[in-house]
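One structure is given here, and the rest of the page talks about it.
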Amino acid sequence: MFKKIFSKDIGLDLGTTNTRVYVRGRGLVINEATIMAINTRNDQVVAIGNNALRMLGKAPAHISVVKPLVNGVISDFEVTEKMLKLIFNKVHHDSFTLIPRPRVVASIPLEITEVEKKSLEDVILQAGAREVFLVERPVVAAIGARLPVQESIGNLIVELGGGLSEIAVISLNGIVAHKSLKIGGELINRNIIDYVREKFGILLGQQTSEEVKIKIGSAASINKAQDMKIKGRDLVSGLPKEVTITDVQVREAILPTLKIIIEGIRDTVESTPPELVSDIYERGVILSGGASLLKGLDKLIRKKINISVCLVDDPATAIIRGTGLILEDFDNLKSVIIPSARD
C-alpha cells in the first residue's frame, strides 16, 4: 500500500534515439538520448543520455559508448536495465520511498515479436517497475496528437522515429491497417555520411551528419539555396578536410529513404477498407515523431499521394504525451493496452 502511495506512475517512450519519461501529475520530466557510456575496466556508468552522446566517437578504448536499442527493439538488455534504473531513481529522488516501484505505460513497435515484447516487459520490471502496460507506438502517438481513436473514424498517422517508421490506420481503439519500416532519422544521417564519402572522399561523424540534416536538410526544394561547410577525415590522406555541401546534394542523398516511407504510406492506404479511406481523404495524413521535422517532408508526401498532410504540434513528443494522457485518464483509455507477453 505504501509503495503505491509514494511511487509515481510513469509514461515511457524508450526510443532508438531518445528516451522520454512522463510522470503523472508533473508532465515530461526526462528527454535524453538513448545512450550510455560505461567504463569497461570497472563496469561503472560514466555518463547517460545527452552527456554520453557528446562522448560518441571521442571516448578512449576503455569507455564504451553504447546505444542499447536498434530499430526500436532492445539489443543490449543489461545496458537498458542500468539506464532505466538510473532514470527511475532520478524520477523518484524527491519521494519518500527508498525503493521506487512505479506503474509504467510504455510504447512498443507494431511488429514486435512475443520474445521482444517479453524482453521489454522484463527489463522494465527488473529496473524497478511494479506493473507494465504496453501500447503500440502509432496508437499512443495518435492519442498524444488528440486524434479521436475511440471513434469509428479512420485516422492515418505516420510516426517517424530515429530507427523506426510506422504507418497505421486507427479506428475504434485498434489498428485496421499498418506498415512498419525499420528506417528513420538515423538512416537519413547514414545516407548523408555515405553520400559525403562517395562524393567528396571524406568520412563524417554521426553528430556532424545530424547537424547537416537539421540545418540544411529538406525533402522538397526551398525558396533560398543553402549550403554548409563540413569537416571530416580525408579518406586518401587521412588528414582533416573541409568541403561545402548544398541543400540540393543533401536532398539527393536522403531521397531514397524518403521514397520508401512514401511507398509505405501508399501501401497502407491501399490496404485500408473503403469506408475508412474516405475518412483519410477528408481528414488527411498526420505526421508525428522527430524525423517528421525534416523541412518540406509534409509537402513531398502531399505531392506524391495527393492527400493533405498535417504535422502535429511538437511531433517529437507525441508518443510521450500519449502515455501521459493514458496515465491521467487510465480508466477511459485502458482499452488501447495490448495483452502482456508474461500472461
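No value in this document is a laboratory result; all are computed from the given coordinates. What you see is a predicted model; the values in this text were computed from it and never measured. Note: ideal-geometry Cβ built from the backbone for every residue, glycine included; neighbour counts use all protein chains shown.
In terms of other Cβ atoms within 10 Å, 84, 255 run from fewest to most in the order 255, 84. Under the simplified labelling scheme, the residue 242-residue 43 pair shows an inter-label distance of 4.6 nm, with each label point 7 Å from Cα along Cα→Cβ.
Each Lys or Arg adds one and each Asp or Glu takes one away; over the other residues whose Cβ falls under 15 Å from the Cβ of residue 57, this sums to +3.
Here the stretch 258-276 and the stretch 104-127 have alpha carbon centers that stand 27 Å from each other. Ranked for footprinting exposure by Cβ neighbours inside 10 Å, fewest first, 331, 227, 9, 313 give 331, 313, 227, 9. Residues within the reach of a label modelled at residue 231 (point 7 angstrom out along Cα to beta-carbon, backbone nitrogen below 17 Å), restricted to the stretch 169-211, are 202-211.
Here the Karplus relation 6.51 cos²θ - 1.76 cosθ + 1.60, evaluated at θ = phi - 60°, turns the backbone of the stretch 76-85 into coupling constants of 10, 4, 5, 5, 4, 4, 4, 5, 5, 4 Hz, with x for every Gly and Pro.
Indicate the gyration tensor shape class of the stretch 1-160 (rounded, prolate or oblate), computed on the Cα atoms with a ≥ b ≥ c the square roots of the eigenvalues: a/c under 1.5 is rounded; otherwise a/b larger than b/c is prolate and the rest oblate. Oblate, since a/c reaches 1.5 and b/c is not below a/b. Report summary: the helix-based calculation at 222 nm, which adds -39500 (n - 2.57) for every DSSP H run with n ≥ 4 and divides by the residues of the chain, gives -11500 deg cm²/dmol.
For the pair residue 150 and residue 118, label points projected 7 Å from Cα toward Cβ lie 3.4 nm apart. Under the shape rule built on the C-alpha gyration tensor, where the axes satisfy a ≥ b ≥ c, the stretch 82-154 is oblate, since a/c reaches at least 1.5 while a/b does not exceed b/c. For residue 82, the lysines whose Cα falls under 26 Å of its own Cα, not counting residues fewer than eight places away in the same chain, are 3, 4, 8, 58, 67, 90, 117, 118, 182.
Here's the list of lysines a cross-link from residue 179 could span, going by alpha-carbon distance under 18 Å and ignoring same-chain residues fewer than 8 apart: 259, 304. Sorted ascending by nearby beta carbons within 10 Å, beginning with the fewest, 218, 237, 64 become 237, 64, 218.
Can you find, among 52, 150, 104, the residue sitting farthest towards the positive end of the charge dipole of the stretch 42-173, where Lys and Arg contribute +1 and Asp and Glu -1 at Cβ? The Cα lying farthest towards the positive end belongs to 52. Cα centroids of the stretch 202-235 and the stretch 22-71: 25 Å apart. Number of Lys-Lys pairs in the stretch 185-248 with C-alpha atoms under 18 Å apart and a separation of 8 or more places or on different chains: 12. For the stretch 185-248, the alpha-carbon coordinates run over 37, 23, 17 Å along the three principal axes, in decreasing order. This model, with +1 at the C-beta of Lys and Arg and -1 at the C-beta of Asp and Glu, gives the chain a dipole about its Cα centre of some 1000 debye. Annotation: extensible slack from residue 271 through residue 303 equals 9.5 nm (criterion: 0.36 nm per residue apart, minus Cα-Cα distance). Within the shell of other residues whose beta carbon sits under 12 angstrom from the beta carbon of residue 32, the net charge comes to +2, with Lys and Arg scored +1 and Asp and Glu -1.
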